[in-house]
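Scroll down for the structure; my scribbles are underneath it.
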């Protein structure tokens, strides 16, 4: 079916605190080499993505099944095929999370979009145990793998991992990794869900260099199941702003770091697909 395709996706969240207009942000994404943008759908964003030729990956957060149809339709109306979903809250138990996951995917099929449930703090997938319990329950109920939007940074902090065991502790479900199409590549260590890419002088940080082998191992794991599928993988270099506690006020520009992170991910992809 052909070679898999890497799509670099920028999240508007990165530029939350930048004093740019939406048009300026989208133009910056395009000029920096991003293929698309992820955020909640809106008519203004739809028009901007069409103007700059950007793929739109939808974004939504809900624990109310009655809202799924409306929220998914809003993303499709904005041009989305793939939708990043933060599902409910962290106190939700597996049986209730399964009901929501079944409802979400049922509505998504009806509407014609592909959701990926994000592994994220404060949701029903905030730990590996919660995530894999939900995935196993979903597979038992449907015979299918649950589509995820995978962000391993939260898991790494939950488990306080060290670079030497990132891959061994995190890449334990290659079936789910290879089935997924959405990934958030936020560089992390075992105590910080986001680390700086550079030291502010253009030099890569020690922490980022220690994360890169994991990123390569993750991409290799995905490619080992997708080399001849022609599937797309949507990778978001997911660097957040100071608001929310991801980026610290002493970090260098998260926008400049995000652009460099996209370049480094591209290098890994080219190496592994050569």
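Rule-based calculations on the coordinates, nothing more; no lab input. In this text the structure is predicted, and so the values were computed from the model without any measurement. Methodologically, a virtual Cβ is constructed for each residue, glycine included, from the backbone with ideal geometry; neighbour enumeration extends over all protein chains shown.
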Q: Could you calculate the FRET efficiency of residue 248 with residue 51 from 1/(1 + (r/R0)^6), where r is the beta carbon distance between them and R0 is 41 Å, rounded to 0.05?
A: 0.75
Q) If one computes the Cα centroid of the stretch 228-265 and of the stretch 18-71, what distance in Å separates the two points? A) 16
Q | FRET E, pair residue 203, residue 27, Förster distance 35 Å, beta-carbon r, rounded to 0.05 | A | 0.80
Q. For the stretch 100-189, what does the equivalent ellipsoid look like in terms of its semi-axes, each the square root of 5 times an eigenvalue of the Cα gyration tensor, given largest first in whole Å?
A. 24, 13, 12
Q: Any chance you could check the Cα centroid distance between the stretch 137-175 and the stretch 179-216 for me, in angstrom?
A: 17
Q: Please give the peptides 156-169, 104-117 ranked by average Cβ packing (other Cβ atoms within 10 Å per residue), highest first, as a rough proxy for protection.
A: 104-117, 156-169
**Q.** Paramagnetic label zone (point 7 Å from Cα along Cα-to-C-beta, residue 103; backbone N under 17 Å) in the stretch 133-153
**A.** 138
Q: Mind ranking 84-94, 52-62 by how tightly packed they are, going by the mean number of other C-beta atoms within 10 angstrom, highest first?
A: 52-62, 84-94
**Q.** Ratio Rg/Rh, restricted to the chain and using Cα atoms, in which Rh is the Kirkwood radius
**A.** 0.94
